[in-house]
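Asks: I have a structure I would like to understand better, so I am pasting it below and will then ask my questions one at a time.
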Amino acid sequence: MKQIEPQRYAADPGEIITIDVTAERQPLLVAFQDAPDGTNWDQVWHNELSERRSFSMPTALGEKVRFAASFGEAIQPNDPAPSTRYTIKISGSHGGLNGHDIVLPKGGGSRIFIYEFETDYPGPS
């Protein structure tokens, strides 16, 4: 798996993609599309500060997987923290690791990101 541009990736046919989300503070306010377009969630695990999801890429070249993910904040007015941070790591079973941070200011509400993966010819990540 390799990143092509922000939130856009190329992966090998049949490759398993894992998304790890970690919040720096509670509550973890992340929501993923129920089923990604083009595949299904294979595994979902979470606790108070993190969530892990994985899916398998389609086996045909040029096929796409797309899903929306929403990240939110619920910092209390009396909390001195100015923001909350989510760390997102995306890895492929055939290699490759990418990630990014999302910082949400207090009172800023939620942000939605669209992630897209396309099957590409197998090769080095």
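Asks: If you build a Gaussian network model of the chain, linking Cα atoms that sit under 10 Å apart, which residue out of Asn78, Asn40, Asn98 swings the most?
Replies: Answer for the Gaussian network model of the chain: Asn78.
Asks: Here is a follow-up. Taking Rh as the Kirkwood radius computed over C-alpha pairs, what is the Stokes-Einstein D of the chain at 20 °C in a medium of viscosity 1.002 mPa s, expressed in µm² per second? The partial results should precede the final answer.
Replies: Numbers: Rh = 15.1 Å.
D = 142 µm²/s.
Asks: When we measure straight from the Cα of Lys64, which lysines land under 30 angstrom away, once same-chain ones fewer than 8 places off are left out?
Replies: Candidates past the 8-residue exclusion: Lys2, Lys89.
Asks: Let me ask you something else. Counting alpha carbon pairs within less than 8 Å and at least 6 residues apart, what relative contact order, in whole percent, applies to segment 21-60?
Replies: On the way: 46 pairs, mean separation 16.7, N = 40.
RCO, segment 21-60: 42 percent.
Asks: Something else now. Hey, what did the chain get for relative contact order, percent, Cα under 8 Å, at least 6 apart?
Replies: Numbers: 314 pairs, mean separation 44.5, N = 125.
Averaging sequence separation for qualifying contacts and normalising by length gives 36 percent for the chain.
Asks: Would you order Thr59, Thr39 from fewest to most other beta-carbon atoms within 10 Å of each residue's own beta-carbon? Present the calculation step by step, with values, prior to reporting the outcome.
Replies: Working: Thr59 11, Thr39 18.
Final ranking by Cβ density, sparse to dense: Thr59, Thr39.
Quick note: the coordinates plus some simple rules give every number you see, no bench work behind them. Here the structure is a predicted model, which means the values were calculated and not measured. Cβ coordinates were reconstructed from backbone atoms using ideal geometry, including for glycine residues, and neighbour counts include every protein chain displayed.
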